[in-house]
Amino acid sequence: MFIHVIFGKMVAQKLEYIFKKFEHKGEFDSYEELASGHINDTYLIKTKKKPFFVLQRINHGVFKDVPGLIENKVAVSRHIQDKLKDLSKKKRKRRVLAFAKTNTGASYHKDEEGNYWNLMYFIDDSVTYETVSNEEIAYEGGRLMGQFLTLTSDFDVSKLIEVIPRFHDMSFRYMQFEEALKVASEERLNKAKEQIQLVEDYKEEMHIIQGLKESGAIRTRVTHNDTKISNILFNTKNKGLCVIDTDTVMPGIVHYDFGDAIRTICNTAAEDETNLDLVEFNVSYYKAYTEGFLKKMGPFLSPLELKYLPLGAKTMIFIMALRFLTDYLNGDVYYKTKYPEHNFDRAKNQFKLIKSFSERIDILDK
Ligand code: GN1
Ligand code: MG
(Lines give C-alpha, C1' and ligand atoms only; values in the text may rest on other atoms or scores of the structure.)
(Ligands and ions follow the chains in the order given, each with its own letter.)
Protein backbone atom coordinates (compact mmCIF):
# COMPACT_ATOMS: atom_id res chain seq x y z
CA MET A 1 0.00 0.00 0.00
CA PHE A 2 2.69 2.44 1.13
CA ILE A 3 4.84 1.58 -1.90
CA HIS A 4 1.83 2.21 -4.14
CA VAL A 5 1.28 5.66 -2.71
CA ILE A 6 4.95 6.62 -3.15
CA PHE A 7 4.98 5.20 -6.68
CA GLY A 8 1.77 7.02 -7.59
CA LYS A 9 3.26 10.30 -6.36
CA MET A 10 6.42 9.80 -8.38
CA VAL A 11 4.42 9.09 -11.51
CA ALA A 12 2.23 12.13 -10.89
CA GLN A 13 5.31 14.33 -10.50
CA LYS A 14 6.85 13.03 -13.68
CA LEU A 15 3.62 13.45 -15.64
CA GLU A 16 3.13 16.96 -14.33
CA TYR A 17 6.69 17.81 -15.35
CA ILE A 18 6.11 16.50 -18.88
CA PHE A 19 2.68 18.12 -19.09
CA LYS A 20 4.26 21.50 -18.38
CA LYS A 21 6.54 21.12 -21.39
CA PHE A 22 3.48 21.64 -23.60
CA GLU A 23 1.66 24.85 -24.42
CA HIS A 24 -1.84 24.99 -22.91
CA LYS A 25 -3.74 26.75 -20.18
CA GLY A 26 -4.27 23.64 -18.05
CA GLU A 27 -3.10 23.28 -14.47
CA PHE A 28 -2.23 19.70 -13.53
CA ASP A 29 -4.50 18.20 -10.89
CA SER A 30 -4.25 14.40 -11.10
CA TYR A 31 -3.83 11.56 -13.56
CA GLU A 32 -5.40 8.24 -14.46
CA GLU A 33 -3.74 5.54 -16.49
CA LEU A 34 -5.71 4.56 -19.60
CA ALA A 35 -4.53 0.99 -19.74
CA SER A 36 -6.36 -0.52 -22.70
CA GLY A 37 -3.48 -0.20 -25.21
CA HIS A 38 -0.90 -2.95 -25.63
CA ILE A 39 2.04 -0.80 -26.74
CA ASN A 40 2.18 2.81 -25.49
CA ASP A 41 1.66 4.29 -22.01
CA THR A 42 -1.36 6.56 -21.99
CA TYR A 43 -2.59 8.85 -19.23
CA LEU A 44 -5.62 11.02 -18.77
CA ILE A 45 -4.41 14.29 -17.31
CA LYS A 46 -7.06 15.93 -15.18
CA THR A 47 -6.67 19.66 -14.82
CA LYS A 48 -8.11 22.02 -12.22
CA LYS A 49 -10.41 23.35 -14.94
CA LYS A 50 -11.43 21.57 -18.14
CA PRO A 51 -10.36 20.71 -20.79
CA PHE A 52 -8.58 17.54 -19.70
CA PHE A 53 -5.75 16.09 -21.76
CA VAL A 54 -4.36 12.76 -22.88
CA LEU A 55 -0.61 12.41 -22.44
CA GLN A 56 1.07 9.57 -24.22
CA ARG A 57 4.52 8.04 -24.09
CA ILE A 58 5.16 6.46 -27.46
CA ASN A 59 6.94 3.12 -27.32
CA HIS A 60 10.09 3.79 -29.33
CA GLY A 61 11.11 0.13 -29.16
CA VAL A 62 8.11 -0.66 -31.34
CA PHE A 63 7.97 2.59 -33.32
CA LYS A 64 11.45 3.26 -34.69
CA ASP A 65 10.72 6.73 -36.06
CA VAL A 66 8.61 8.49 -33.43
CA PRO A 67 9.01 12.02 -34.89
CA GLY A 68 7.84 10.62 -38.24
CA LEU A 69 4.89 8.91 -36.56
CA ILE A 70 3.86 12.11 -34.84
CA GLU A 71 4.20 14.11 -38.06
CA ASN A 72 1.91 11.57 -39.75
CA LYS A 73 -0.83 11.83 -37.18
CA VAL A 74 -0.66 15.59 -36.74
CA ALA A 75 -0.83 16.10 -40.52
CA VAL A 76 -3.80 13.75 -40.88
CA SER A 77 -5.62 15.43 -38.00
CA ARG A 78 -5.06 18.85 -39.58
CA HIS A 79 -6.36 17.57 -42.87
CA ILE A 80 -9.54 16.35 -41.20
CA GLN A 81 -9.88 19.58 -39.21
CA ASP A 82 -9.79 21.52 -42.49
CA LYS A 83 -12.38 19.23 -44.03
CA LEU A 84 -14.67 19.80 -41.06
CA LYS A 85 -14.33 23.57 -41.11
CA ASP A 86 -18.04 24.06 -41.77
CA LEU A 87 -18.77 22.70 -38.32
CA SER A 88 -18.66 25.02 -35.34
CA LYS A 89 -15.32 25.08 -33.52
CA LYS A 90 -16.92 23.34 -30.57
CA LYS A 91 -18.29 20.48 -32.68
CA ARG A 92 -15.09 20.13 -34.69
CA LYS A 93 -13.10 19.67 -31.50
CA ARG A 94 -15.20 16.62 -30.71
CA ARG A 95 -14.81 15.05 -34.13
CA VAL A 96 -11.05 14.97 -34.61
CA LEU A 97 -8.01 14.71 -32.37
CA ALA A 98 -6.21 17.95 -31.61
CA PHE A 99 -2.56 17.87 -30.55
CA ALA A 100 -0.90 20.44 -28.32
CA LYS A 101 2.46 21.89 -29.24
CA THR A 102 5.39 22.02 -26.87
CA ASN A 103 6.68 25.31 -25.50
CA THR A 104 9.29 25.24 -28.25
CA GLY A 105 6.69 24.73 -30.97
CA ALA A 106 7.32 21.02 -31.58
CA SER A 107 4.68 18.32 -31.78
CA TYR A 108 6.39 16.06 -29.25
CA HIS A 109 8.66 16.32 -26.24
CA LYS A 110 11.71 14.11 -25.83
CA ASP A 111 12.61 13.71 -22.14
CA GLU A 112 15.98 13.18 -20.47
CA GLU A 113 15.61 9.40 -20.66
CA GLY A 114 15.00 9.49 -24.39
CA ASN A 115 11.24 8.91 -24.15
CA TYR A 116 8.90 10.62 -26.59
CA TRP A 117 5.69 12.23 -25.39
CA ASN A 118 2.73 13.78 -27.13
CA LEU A 119 -0.28 15.58 -25.75
CA MET A 120 -3.84 15.64 -27.04
CA TYR A 121 -6.98 17.36 -25.90
CA PHE A 122 -9.34 14.91 -24.21
CA ILE A 123 -12.78 14.69 -25.78
CA ASP A 124 -15.23 15.05 -22.93
CA ASP A 125 -18.50 13.17 -22.46
CA SER A 126 -17.33 10.32 -24.62
CA VAL A 127 -17.21 6.56 -24.14
CA THR A 128 -15.25 3.66 -25.60
CA TYR A 129 -16.15 -0.02 -25.71
CA GLU A 130 -14.14 -3.22 -25.62
CA THR A 131 -17.13 -5.18 -26.90
CA VAL A 132 -20.34 -4.19 -28.63
CA SER A 133 -23.76 -4.68 -27.10
CA ASN A 134 -26.13 -3.59 -29.85
CA GLU A 135 -26.43 -3.08 -33.60
CA GLU A 136 -26.58 0.67 -33.35
CA ILE A 137 -23.06 0.81 -31.94
CA ALA A 138 -21.85 -1.52 -34.69
CA TYR A 139 -23.52 0.64 -37.35
CA GLU A 140 -22.13 3.86 -35.87
CA GLY A 141 -18.65 2.34 -35.65
CA GLY A 142 -18.86 1.50 -39.35
CA ARG A 143 -20.17 4.91 -40.28
CA LEU A 144 -17.40 6.64 -38.36
CA MET A 145 -14.60 4.47 -39.76
CA GLY A 146 -16.00 4.93 -43.25
CA GLN A 147 -16.06 8.65 -42.67
CA PHE A 148 -12.47 8.67 -41.46
CA LEU A 149 -11.40 6.98 -44.69
CA THR A 150 -13.43 9.30 -46.89
CA LEU A 151 -12.09 12.38 -45.11
CA THR A 152 -8.52 11.21 -45.64
CA SER A 153 -9.07 9.87 -49.17
CA ASP A 154 -7.67 13.04 -50.75
CA PHE A 155 -4.66 13.25 -48.44
CA ASP A 156 -1.46 12.65 -50.40
CA VAL A 157 -0.51 9.18 -49.20
CA SER A 158 3.11 9.62 -50.31
CA LYS A 159 3.49 12.24 -47.54
CA LEU A 160 3.05 9.56 -44.86
CA ILE A 161 5.89 7.44 -43.59
CA GLU A 162 5.38 3.75 -42.98
CA VAL A 163 5.52 3.88 -39.17
CA ILE A 164 6.00 0.13 -38.92
CA PRO A 165 7.21 -1.25 -42.23
CA ARG A 166 5.13 -4.20 -43.52
CA PHE A 167 2.74 -3.83 -40.56
CA HIS A 168 -0.16 -5.78 -42.05
CA ASP A 169 1.94 -7.72 -44.56
CA MET A 170 1.05 -11.38 -44.40
CA SER A 171 4.35 -12.68 -45.81
CA PHE A 172 6.22 -10.64 -43.22
CA ARG A 173 4.03 -11.82 -40.33
CA TYR A 174 4.36 -15.38 -41.54
CA MET A 175 8.15 -15.05 -41.70
CA GLN A 176 8.19 -13.71 -38.13
CA PHE A 177 6.11 -16.71 -37.09
CA GLU A 178 8.59 -19.10 -38.70
CA GLU A 179 11.46 -17.36 -36.92
CA ALA A 180 9.58 -17.67 -33.63
CA LEU A 181 9.14 -21.41 -34.18
CA LYS A 182 12.94 -21.69 -34.19
CA VAL A 183 13.45 -19.95 -30.86
CA ALA A 184 10.36 -21.03 -28.94
CA SER A 185 10.69 -23.17 -25.81
CA GLU A 186 9.74 -26.86 -26.05
CA GLU A 187 7.00 -26.19 -23.55
CA ARG A 188 5.34 -23.42 -25.55
CA LEU A 189 5.75 -25.29 -28.85
CA ASN A 190 3.97 -28.25 -27.32
CA LYS A 191 1.19 -26.22 -25.83
CA ALA A 192 0.57 -24.39 -29.11
CA LYS A 193 0.68 -27.45 -31.38
CA GLU A 194 -2.92 -27.16 -32.45
CA GLN A 195 -2.66 -23.43 -33.22
CA ILE A 196 0.60 -23.91 -35.14
CA GLN A 197 -1.20 -26.43 -37.32
CA LEU A 198 -4.06 -23.97 -37.86
CA VAL A 199 -1.60 -21.41 -39.20
CA GLU A 200 -0.51 -23.94 -41.82
CA ASP A 201 -4.11 -24.82 -42.68
CA TYR A 202 -5.11 -21.20 -43.32
CA LYS A 203 -1.84 -20.13 -44.95
CA GLU A 204 -2.80 -20.14 -48.62
CA GLU A 205 -6.15 -18.42 -48.30
CA MET A 206 -4.66 -15.82 -45.99
CA HIS A 207 -2.19 -14.71 -48.67
CA ILE A 208 -4.82 -13.88 -51.32
CA ILE A 209 -5.25 -10.24 -50.32
CA GLN A 210 -1.51 -9.79 -50.02
CA GLY A 211 -1.18 -10.98 -53.62
CA LEU A 212 -3.85 -8.54 -54.85
CA LYS A 213 -2.08 -5.72 -53.06
CA GLU A 214 1.31 -6.61 -54.47
CA SER A 215 -0.03 -6.92 -58.02
CA GLY A 216 -1.51 -3.43 -57.72
CA ALA A 217 -5.06 -4.74 -58.24
CA ILE A 218 -5.96 -3.27 -54.86
CA ARG A 219 -4.85 0.30 -54.32
CA THR A 220 -2.96 1.78 -51.42
CA ARG A 221 -4.75 4.52 -49.47
CA VAL A 222 -4.39 6.47 -46.26
CA THR A 223 -5.50 3.96 -43.65
CA HIS A 224 -5.72 3.84 -39.87
CA ASN A 225 -4.45 0.30 -39.33
CA ASP A 226 -5.68 -0.14 -35.76
CA THR A 227 -9.43 0.19 -36.09
CA LYS A 228 -10.43 -1.95 -33.15
CA ILE A 229 -13.64 -0.90 -31.43
CA SER A 230 -11.82 0.62 -28.46
CA ASN A 231 -10.27 3.14 -30.85
CA ILE A 232 -13.65 4.62 -31.71
CA LEU A 233 -15.11 7.27 -29.43
CA PHE A 234 -18.87 7.43 -29.04
CA ASN A 235 -20.91 10.14 -27.45
CA THR A 236 -23.10 9.26 -24.50
CA LYS A 237 -26.00 8.58 -26.88
CA ASN A 238 -23.90 6.01 -28.75
CA LYS A 239 -23.37 8.13 -31.84
CA GLY A 240 -19.91 7.74 -33.38
CA LEU A 241 -17.81 10.77 -32.51
CA CYS A 242 -14.14 10.48 -33.30
CA VAL A 243 -11.55 7.93 -34.41
CA ILE A 244 -8.63 7.88 -31.97
CA ASP A 245 -5.19 6.25 -31.67
CA THR A 246 -3.89 7.39 -35.04
CA ASP A 247 -0.32 6.20 -34.34
CA THR A 248 -0.44 3.70 -37.16
CA VAL A 249 -1.97 5.97 -39.79
CA MET A 250 0.04 5.19 -42.91
CA PRO A 251 -0.33 3.83 -46.44
CA GLY A 252 -2.41 0.65 -46.43
CA ILE A 253 -5.43 -1.06 -47.93
CA VAL A 254 -9.06 -0.65 -46.97
CA HIS A 255 -9.51 -4.34 -46.14
CA TYR A 256 -7.54 -4.27 -42.96
CA ASP A 257 -9.32 -1.20 -41.60
CA PHE A 258 -12.62 -2.85 -42.37
CA GLY A 259 -11.34 -6.13 -40.98
CA ASP A 260 -9.83 -4.99 -37.70
CA ALA A 261 -13.05 -3.25 -36.74
CA ILE A 262 -15.05 -6.36 -37.63
CA ARG A 263 -12.61 -8.48 -35.62
CA THR A 264 -13.48 -6.62 -32.45
CA ILE A 265 -17.03 -5.44 -33.08
CA CYS A 266 -18.36 -8.85 -34.08
CA ASN A 267 -16.55 -10.81 -31.38
CA THR A 268 -19.17 -11.53 -28.72
CA ALA A 269 -16.36 -11.41 -26.13
CA ALA A 270 -13.19 -9.40 -25.53
CA GLU A 271 -10.09 -10.41 -27.50
CA ASP A 272 -8.56 -12.09 -24.45
CA GLU A 273 -11.66 -13.89 -23.15
CA THR A 274 -10.50 -17.34 -22.05
CA ASN A 275 -13.88 -19.04 -22.06
CA LEU A 276 -14.00 -19.79 -25.76
CA ASP A 277 -17.67 -20.74 -25.63
CA LEU A 278 -18.32 -17.03 -25.23
CA VAL A 279 -16.36 -16.20 -28.37
CA GLU A 280 -18.66 -16.20 -31.37
CA PHE A 281 -18.94 -14.15 -34.53
CA ASN A 282 -22.04 -11.95 -34.42
CA VAL A 283 -23.49 -11.73 -37.93
CA SER A 284 -26.04 -9.02 -37.23
CA TYR A 285 -23.25 -6.72 -35.97
CA TYR A 286 -21.31 -7.57 -39.12
CA LYS A 287 -24.24 -6.49 -41.27
CA ALA A 288 -24.81 -3.33 -39.24
CA TYR A 289 -21.11 -2.34 -39.30
CA THR A 290 -20.90 -3.02 -43.04
CA GLU A 291 -24.01 -0.95 -43.72
CA GLY A 292 -22.61 2.02 -41.79
CA PHE A 293 -19.18 1.65 -43.36
CA LEU A 294 -20.45 1.41 -46.93
CA LYS A 295 -22.86 4.27 -46.49
CA LYS A 296 -19.79 6.51 -46.30
CA MET A 297 -17.10 4.52 -48.05
CA GLY A 298 -19.10 2.57 -50.66
CA PRO A 299 -18.82 5.21 -53.41
CA PHE A 300 -15.05 5.35 -52.95
CA LEU A 301 -14.44 1.64 -53.42
CA SER A 302 -13.68 -0.27 -56.62
CA PRO A 303 -15.71 -3.44 -57.32
CA LEU A 304 -12.64 -5.50 -56.44
CA GLU A 305 -12.10 -3.71 -53.14
CA LEU A 306 -15.72 -4.28 -52.34
CA LYS A 307 -15.67 -7.93 -53.26
CA TYR A 308 -12.75 -8.69 -50.97
CA LEU A 309 -13.96 -6.90 -47.84
CA PRO A 310 -15.25 -10.10 -46.20
CA LEU A 311 -11.99 -11.92 -46.90
CA GLY A 312 -10.23 -8.83 -45.51
CA ALA A 313 -12.08 -9.35 -42.24
CA LYS A 314 -11.09 -13.00 -42.04
CA THR A 315 -7.50 -12.17 -42.94
CA MET A 316 -7.31 -9.49 -40.28
CA ILE A 317 -8.55 -11.85 -37.57
CA PHE A 318 -5.92 -14.31 -38.74
CA ILE A 319 -3.13 -11.70 -38.70
CA MET A 320 -3.92 -10.98 -35.06
CA ALA A 321 -4.09 -14.67 -34.18
CA LEU A 322 -0.72 -15.11 -35.86
CA ARG A 323 0.85 -12.10 -34.18
CA PHE A 324 -0.35 -13.08 -30.70
CA LEU A 325 0.84 -16.63 -31.26
CA THR A 326 4.21 -15.42 -32.57
CA ASP A 327 4.68 -13.23 -29.51
CA TYR A 328 3.80 -16.14 -27.25
CA LEU A 329 6.39 -18.32 -28.99
CA ASN A 330 8.94 -15.52 -28.72
CA GLY A 331 8.42 -15.37 -24.95
CA ASP A 332 6.12 -12.29 -24.82
CA VAL A 333 8.49 -9.63 -26.07
CA TYR A 334 6.11 -7.35 -28.00
CA TYR A 335 2.65 -6.92 -26.47
CA LYS A 336 2.05 -5.90 -22.89
CA THR A 337 0.77 -8.96 -21.03
CA LYS A 338 -0.89 -9.32 -17.64
CA TYR A 339 0.04 -12.98 -17.02
CA PRO A 340 2.29 -15.60 -18.66
CA GLU A 341 -0.27 -17.18 -20.99
CA HIS A 342 -1.97 -13.91 -21.95
CA ASN A 343 -0.74 -13.89 -25.56
CA PHE A 344 -1.63 -17.55 -25.98
CA ASP A 345 -5.14 -16.88 -24.69
CA ARG A 346 -5.49 -13.99 -27.13
CA ALA A 347 -4.32 -16.22 -29.99
CA LYS A 348 -6.74 -19.02 -29.09
CA ASN A 349 -9.54 -16.50 -28.85
CA GLN A 350 -8.80 -15.18 -32.36
CA PHE A 351 -8.59 -18.69 -33.83
CA LYS A 352 -11.97 -19.46 -32.32
CA LEU A 353 -13.31 -16.27 -33.88
CA ILE A 354 -12.05 -17.23 -37.37
CA LYS A 355 -13.73 -20.60 -37.01
CA SER A 356 -17.02 -18.99 -36.06
CA PHE A 357 -16.61 -16.38 -38.82
CA SER A 358 -16.01 -19.12 -41.40
CA GLU A 359 -19.14 -20.97 -40.36
CA ARG A 360 -21.30 -17.87 -40.64
CA ILE A 361 -19.95 -15.62 -43.39
CA ASP A 362 -19.62 -16.35 -47.07
CA ILE A 363 -16.30 -14.66 -47.74
CA LEU A 364 -16.88 -14.11 -51.42
CA ASP A 365 -20.57 -13.35 -51.33
CA LYS A 366 -21.35 -12.81 -55.02
C1 GN1 B 1 -1.86 -3.08 -30.49
O2 GN1 B 1 -1.60 -0.81 -28.45
P3 GN1 B 1 -2.85 -0.95 -29.21
O4 GN1 B 1 -3.87 -1.65 -28.40
O5 GN1 B 1 -3.29 0.36 -29.81
C6 GN1 B 1 -1.26 -3.28 -31.87
C7 GN1 B 1 -2.36 -3.53 -32.89
C8 GN1 B 1 -3.21 -4.70 -32.47
C9 GN1 B 1 -3.74 -4.48 -31.06
C10 GN1 B 1 -4.48 -5.69 -30.57
C11 GN1 B 1 1.50 -0.97 -32.97
O12 GN1 B 1 -2.59 -1.89 -30.50
O13 GN1 B 1 -1.80 -3.82 -34.15
O14 GN1 B 1 -4.30 -4.84 -33.32
O15 GN1 B 1 -2.68 -4.19 -30.15
N16 GN1 B 1 -0.48 -2.11 -32.25
C17 GN1 B 1 0.78 -2.23 -32.68
O18 GN1 B 1 -5.36 -5.34 -29.56
O19 GN1 B 1 1.33 -3.32 -32.82
MG1 MG C 1 -2.77 1.43 -31.52
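Using Cα springs under 10 Å in a Gaussian network model of the chain, which residue among Lys352, Lys287, Lys182 shows the largest mean-square fluctuation?
Lys182
Whole Å is fine, so just give me how far the alpha carbon centre of the range 325-342 lies from that of the range 209-281.
21 Å
What span do the alpha-carbon atoms of the range 227-279 cover on each of the three principal axes, reported in whole Å from largest to smallest?
35, 30, 16
Run the numbers on the range 135-364 and let me know its relative contact order in percent, using alpha-carbon pairs under 8 Å that are six or more apart.
Relative contact order of the range 135-364: 31 percent.
Enumerate by residue number the GluC sites (Glu not before Pro) in the range 198-283 meeting two conditions: DSSP loop (anything except H, G, I, E, B), and at most 13 other Cβ atoms within 10 Å of the site's Cβ.
Within the range 198-283, the qualifying GluC sites (Glu not before Pro) (loop, at most 13 other Cβ atoms within 10 Å) are Glu204.
Round to the nearest 0.05 the FRET efficiency obtained for Arg360 and Lys101 when R0 = 41 Å and r is the Cβ-Cβ distance.
0.30
What's the carbon and sulfur percent of the chain's accessible surface, probe 1.4 angstrom, rounded to a whole number?
Carbon-and-sulfur percentage of accessible area, whole number: 53.
Mind checking which of Arg323, Arg188, Arg263 has the largest fluctuation in a GNM of the chain, springs on alpha carbons under 10 Å?
Arg188
Can you tell me the dipole magnitude for the range 2-124 around its Cα centre, using point charges on the Cβ only (Lys, Arg +1; Asp, Glu -1), in Debye to the nearest 20?
Roughly 800 debye, rounded to the nearest 20.
Radius of gyration and Dmax for the chain's Cα atoms, expressed in Å?
20.5, 63
As an exercise, use a Förster radius of 25 Å and the Cβ-Cβ distance of Asp124 and Thr150 to find the FRET efficiency, rounded to the nearest 0.05.
Efficiency, from the Cβ-Cβ distance: 0.45.
Roughly how many whole Å is it from the C-alpha centroid of the range 95-123 to that of the range 6-25?
If you average the Cα positions of each part, the centres end up 13 Å apart.
Computed FRET efficiency, Cβ-Cβ of Ser158 and Ile3, R0 41 Å: what is it to the nearest 0.05?
Once rounded, the FRET efficiency stands at 0.20.
From the residues Leu364, Thr220, Ile244, which one has its Cα farthest along the dipole of the chain in the positive direction, the dipole being from +1 and -1 charges on Cβ of Lys/Arg and Asp/Glu about the Cα centre?
Ile244
Kindly write out, for the range 163-168 in residue order, the coupling ³J(HN,Hα) from the Karplus curve 6.51 cos²θ - 1.76 cosθ + 1.60 (θ = phi - 60°), rounded to whole Hz, with x marking Gly and Pro.
3J(HN,Hα) across the range 163-168, in whole Hz: 4, 10, x, 6, 4, 10.
Excluding residues on the same chain fewer than 8 positions from Lys338, give the aspartates and glutamates whose Cα lies under 17 Å from its Cα.
The reachable aspartates and glutamates, counting only those whose Cα sits under 17 Å from Lys338, are Glu33, Asp41, Glu130, Glu271, Asp272, Glu273, Asp327.
Going from most exposed to least, what order do Asp327, Asp277 have by accessible area with a 1.4 Å probe?
Result of the area sort, largest leading: Asp277, Asp327.
Full-extension gain between Val183 and Tyr335, please, as 0.36 nm times their residue separation minus the C-alpha to C-alpha distance.
This chain segment gains 53.0 nm when fully extended.
Which order do Arg346, Arg219 take by accessible area at a 1.4 Å probe, largest first?
So, going from the largest accessible area down, we get Arg219, Arg346.
For a 18 Å ceiling on Cα separation, which of these pairs sit above it: Lys50/Lys85; Lys14/Lys50; Lys73/Lys93; Lys314/Lys355; Lys50/Lys93; Lys91/Lys237?
Lys50/Lys85; Lys14/Lys50
If the limit is 27 Å between Cα atoms, which of Lys213/Lys336; Lys110/Lys213; Lys307/Lys352; Lys21/Lys228 go over it?
Exceeds cut-off: Lys213/Lys336; Lys110/Lys213; Lys21/Lys228.
Select from the chain the helices, each a whole stretch of DSSP H, whose alpha-carbon atoms run 15 Å or more along the helix axis and whose Kyte-Doolittle mean is at least -0.5; answer none if there are none.
2-19, 66-83, 135-151, 170-183, 254-265, 283-297, 309-329
The values are calculated or read from the model by the stated rules, or taken from the named source; none is laboratory data. Computed from a prediction, not measured in an experiment: that's the story for all the values here. Every residue, glycine among them, receives a Cβ derived from its backbone with ideal geometry; neighbour counts consider all protein chains shown. Accessible surface areas use protein heavy atoms only, side chains included; no ligands, DNA or RNA. Shrake-Rupley method; radii C 1.70, N 1.55, O 1.52, S 1.80 Å.
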